[in-house]
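So the structure is just underneath, and the comments pick up after that.
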Amino acid sequence: MAAPARPAGARVPDHEGRAGARRDPEDLRPAALDARGAPARRRPAAREAGYLRAGEKGPKAPAFRLEFQNGSQLVLTEAGSKKRAGVWLLTPEAADAELAHLGPEALGLGADALAAICAQESRRLHSLLRDQRVIAGIGRAWANEILHHANLSPFALSRDLVPGQVQGLAAAIDLELERGLELRERGANDARTYRVHGKLREPCYVCGTPIARVDYEEHTVYYCPDCQTGGRVLKDRRLSRLLR
Ligand SMILES: [Zn+2]
């Protein structure tokens, strides 16, 4: 298993054999097992990797537990029914090969590199940001936070961005990820860390407009209609299905 750089970024390849070895960061939150005692969240994450200090109690039946010589433990749980979490023991060469498909690290990407990425193909921004082959390290939640910060619609096409918007998006990536890392390292829970993600109908932190969402099978896009989509409320597919 590749050693995680930091607790919030544990890399756990899923066993569907998808090239996406690194799961969305919010899938692997250490919150429930956080040694700093993170409060309970409203909804459990599907997969979580956490660190326990010596003597701390962990879950009764973890999917994986690795005890270190100092008594601390790395524990992996999977609450969801999909059972896609897993742990692999890899040689350094195999780990490099496993991670070779990843795009450049999101934090510190910069406007020039992002402009080149945006010009490559026309993609919806929320989907582009989450594609680990294109940019590594942004999951569903941070795509929501970053696009809100940049005043961009999650459904805007990457090739339609003007240079100023690309610069704003590159800056938003750094500012939001730095903000998130700082909060998580201090043990902040989801409710304190996120300002848009999971905040349906709560007031936008910039303009006060209720946050809206578009729901997909495996993720939900949250956005502010006033800050991001020119006042337009986008169709919520789950709601549409119910009304059909
Ligand atoms: Zn707003």
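The numbers here are math on the coordinates, done by the rules we state, and not lab data. These figures come from a predicted structure and were not determined experimentally. Cβ placement follows ideal geometry from the backbone for every residue including glycine, while neighbour counts extend to all protein chains displayed.
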### Task
Excluding residues fewer than 8 places away in the same chain, name every one of the lysines whose C-alpha is closer than 22 Å to that of K82.
K60
### Task
Please list the non-local residues whose amide H lies under 5 Å from the amide H of Y205, H modeled 1.01 Å from N, same-chain partners needing a gap of 5 or more.
none
### Net charge, V166 excluded, C-beta distance under 15 Å - Lys, Arg +1, Asp, Glu -1
-2
### Euclidean distance of C-alpha centroids, the stretch 88-139 and the stretch 147-161, integer Å
18
### Query
Residue farthest toward the positive end of the dipole of the stretch 157-197, with Cβ of Lys/Arg at +1 and Asp/Glu at -1: which of Q165, N189, L175?
N189
### Task
Note down the nm distance, to one decimal, between modelled labels 7 Å out along Cα→Cβ at E67 and at K82.
3.2
